[in-house]
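Encoded as C-alpha cells, the structure appears first; notes follow it.
The values are calculated or read from the model by the stated rules, or taken from the named source; none is laboratory data. Just so it is clear, the structure is predicted and the values come from calculations on it, not from any experiment. All Cβ positions, even for glycine, are placed from backbone atoms using ideal geometry, and neighbour counts span all protein chains on display.
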Amino acid sequence: MDLNLSGQNVAVFGAAQGIGRAIAEQFEAEGCSVVGFDQSPDSPALKNTGEVTVGDVTSFEQVSAFADAHSETDHVVFSVGVGSGKFGFPFWNLDPSDWARVLEVNLVGAANVAHAFAPHLTQNGRGSLLFLVSVAGQTGSPTDPPYSAAKAGLINFMQVVAKDCAPFNVRANALSPGMVKTELNESVWAAGQVNLPVSEQQDYATWAETKIKIISPLGRWQTPPEFATMATYLASKHARNITGQTINIDGGQVMHA
C-alpha cells in the first residue's frame, strides 16, 4: 500500500528509543523528513535527518521553540511516558507527592506539545497529531495509579484536540500499547518486586511471561514496529476519516479486562 507520505515533515517526541524511535524510523522509511525531541542527552541521530533536539516536554518554552523552528510540520507524534517508579496497589501505598511528576510529563507534556503545534497545523490546514497512551488509561489499572490517570486524561484530551482541529483538516488519534518490552515496562516489574519476599520474586522474563498469559487473550508481546506501522497509516490519506479514536494494539488486553 502506497501511503504517499514522501516529502512530508514529521516531529516525534520521545524519538530516542522504544516505540518513539520505531515510529521515527518508519516515517523516514516512508520518505518523510523527521525531527526528534527527547530528554536523553545521548539520543542517537535519526538515519536521514540526523536531528534530535534535547529537551523537556514539561517546559512549554522549549517545546514552543521547537515547534516554531519546525512550523511546516505535517504530523506530530507524542510518544512519551513515565511512571511513578512505585507499585501502587492499593493506591495508598503511594504518597500524593508521587503524582505530580507523572501527571506533568504524561499529560501536561502532551498538552504543551498540542498547544505549541496546533497554531501551525491549523494555519497550514493539514496534518495530524498522534498520542501514545496506554491500556492502563482505559482499565483503571491499579499497578501505577498516577500513570493510569495521566493516560486516561490524555485519551480525553486527544478527543478535545480532535474536535477542535477537525474544522481545519487536522486530525488527532491515540495508540494504546499493552505489553511492550520497554524501559517503562521493565520499571513496572522492578517496582512490583521491591516489597516481595525473596522466595516470591521473579526475574523480568518470568514475570512478563506470566503476566502476558493472564491479561492477554493472544498471549504474546506487542512490538514497537507494530505501532510504527499504525502510526504511519494514521498519518496517511487512507486514514483521512479517522479522528478522535483510541486504537489498541494490546493482544486483546482491554477486551479481556
For this session: May I ask you to say which residue of D144, D95 is of a type outside the set (S, T, Y), at pLDDT below 95 and more than 18 Å from the chain's Cα centre (by Cα)?
Result: D95
Problem set entry | Given (1) free of Cβ contacts under 8 Å to residues at least 40 places away in the same chain; (2) part of a helix (DSSP H, G or I); (3) of a type in the set (G, A, S), index of the condition S141 fails | (2)
For this session: Give region 49-82 a look and list any residue that's at pLDDT below 90 and touching a Ser or Thr at 6+ places or on another chain (Cβ under 7 Å), or say none.
Result: T49, V52
Exercise. Just checking, which of G88, G127, G137 is small (G, A, S), at pLDDT below 95 and over 14 Å from the mean Cα position of the chain (by Cα)?
Worked result: G88
Exercise. What tally of residues in region 4-31 results from selecting those that are under 11 Å from the mean Cα position of the chain (by Cα) and crowded, with 24+ Cβ neighbours inside 10 Å?
Worked result: 7
